[in-house]
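Read the structure below first, then the notes.
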Amino acid sequence: MLTVSAGQCSPFRPTFTQGGWYAYEPRYLRRIPICAASEGDDATGQLEQAAVELTRLSGELAAAQTPYAAEAWKREQTRWENRVDVLVYRLFGLTDDEIGMVQASLNRG
């Protein structure tokens, strides 16, 4: 996210303070699109539940004794990751075309 080359910085560039440390100023951070949950929207709770579930599944996957068990845990983990994707798309109000672009960019990486 931060790039410095030939004296040019990204829009999210930090500023230097004494001792060479970086200080991120609010004027740069405000540009990052972070959605606030609206009243009555249960997406935040669902995202918290998904984070807990994905953490649990990571442990189960690591402890799997057989390839079959590992595959079953991986499928469950994929289902939860897809739920997170849908919640995030909804929070940001993405259209079907925008969702397609996001998914296409993820498949390239």
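The values are calculated or read from the model by the stated rules, or taken from the named source; none is laboratory data. A quick note: this is a predicted structure, and the numbers were derived from the prediction, not measured. When we count neighbours, we look across all protein chains shown, and the Cβ atoms used for this are built from the backbone with ideal geometry, even at glycine.
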May I ask you to list the residues in the range 64-109 that are of a type in the set (Val, Ile, Thr) and assigned to a helix (DSSP H, G or I)? 78, 84, 86, 88, 99, 102
In the range 49-85, which residues are of a type in the set (Phe, Trp, Tyr) and within 16 Å of the chain's Cα centre (by Cα)? 80
Cβ-Cβ below 7 Å, separation at least six or inter-chain, first residue in the range 40-65 and under 11 Å from residue 80 (Cβ atoms), second modelled with pLDDT of 90 or more and among the basic types (Lys, Arg): which pairs? 50/83
